[in-house]
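Take a look at the structure set out below.
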Amino acid sequence: PYEGLITELPFALPLGCVTGADGGLWEVEYSGVIDKVFSMSNDLVEIMDHKTTTWDSQALTSTNEIESQFIGYAWAMSAIEQKEYPIWHDVILINPKTIKLLRDRIVFSKTQIAEWKEEILYSAQEMVARWAVQQFSRHGSNACKSFNRPCQFVELCRAETGRRDMIRESVYEKSKRWDPADRM
């Protein structure tokens, strides 16, 4: 049993800086929305993320355990409160024959969180470098077909190099940075 304290907690926190091709610094901000922050009967505060899926596999919870999102939530809560927080991972498995609830409690070590932070900053460094040369890889893991639909930038990927600037200007609108609070 637990008592809900906060649901849909948005956060945006500075993660660190990376260097651009011109030597300038780019600040990296990590943001998201934590589904639930709650307390247990022993007054320990913990966090929970809810997922719904139709994928019924023994590997479901173990593959979700290594998702960057969950480690990022643990980092965010520890950055806010200067404490370590376990994450409860709730998965509601829905398929034509059954509905199951899978629940795991994941505790990330300081070493795992430090390694996650280093990897996120490395990814940001790579993005900044690619921005400088305007060359973006289209060959990442499921990047272009998340949730069985093309990503919002598919027109850029389809275009030949010389046409991308024109497509970027005519098809896409530059907007402010994504704010997790806008989701609500």
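A few comments on the model shown:
- Answer residue from region 1-19, given it is among the β-branched types (Val, Ile, Thr) and within 21 Å of residue 114 (Cα to Cα) and is surrounded by the most Cβ atoms within 10 Å (Cβ to Cβ) among those: 18
- In region 20-50, the residues that are open to solvent by 60 Å² or more (accessible area, probe 1.4 Å) and touching a helix residue (DSSP H, G or I) at 6+ places or on another chain (Cβ under 7 Å): 21, 26
- Failed condition for residue 95, given (1) open to solvent by less than 50 Å² (accessible area, probe 1.4 Å); (2) modelled with pLDDT under 65: (2)
- Breaking point among (1) loosely packed, with under 14 Cβ neighbours inside 10 Å; (2) under 17 Å from the mean Cα position of the chain (by Cα); (3) of a type outside the set (A, V, I, L, M); (4) modelled with pLDDT of 70 or more, for residue 75: (1)
- Considering residues of region 106-129 that are open to solvent by less than 50 Å² (accessible area, probe 1.4 Å) and β-branched (Val, Ile, Thr) only, the residue nearest to the chain's Cα centre (by Cα): 120
- Within region 142-173, being in a loop (DSSP other than H, G, I, E, B), at pLDDT 70 or above and either closer than 25 Å to residue 30 by Cβ or in contact with a helix residue (DSSP H, G or I) (Cβ under 8 Å, 6 or more places away or on another chain) (or both) holds for 151, 152, 153, 159, 172, 173.
- Strands (runs of 3 or more DSSP E) completely within region 1-64 that count 3 or more residues being modelled with pLDDT under 80 and either of a type in the set (Asp, Glu) or under 28 Å from residue 97 (Cβ atoms) (or both): 45-53
The values are calculated or read from the model by the stated rules, or taken from the named source; none is laboratory data. These numbers come from a predicted model, not from an experiment. Virtual Cβ from ideal backbone geometry, glycine too; neighbours counted across all protein chains shown. Only protein heavy atoms, including side chains, enter the accessible area calculation; ligands, DNA and RNA are left aside. Shrake-Rupley method; radii C 1.70, N 1.55, O 1.52, S 1.80 Å.
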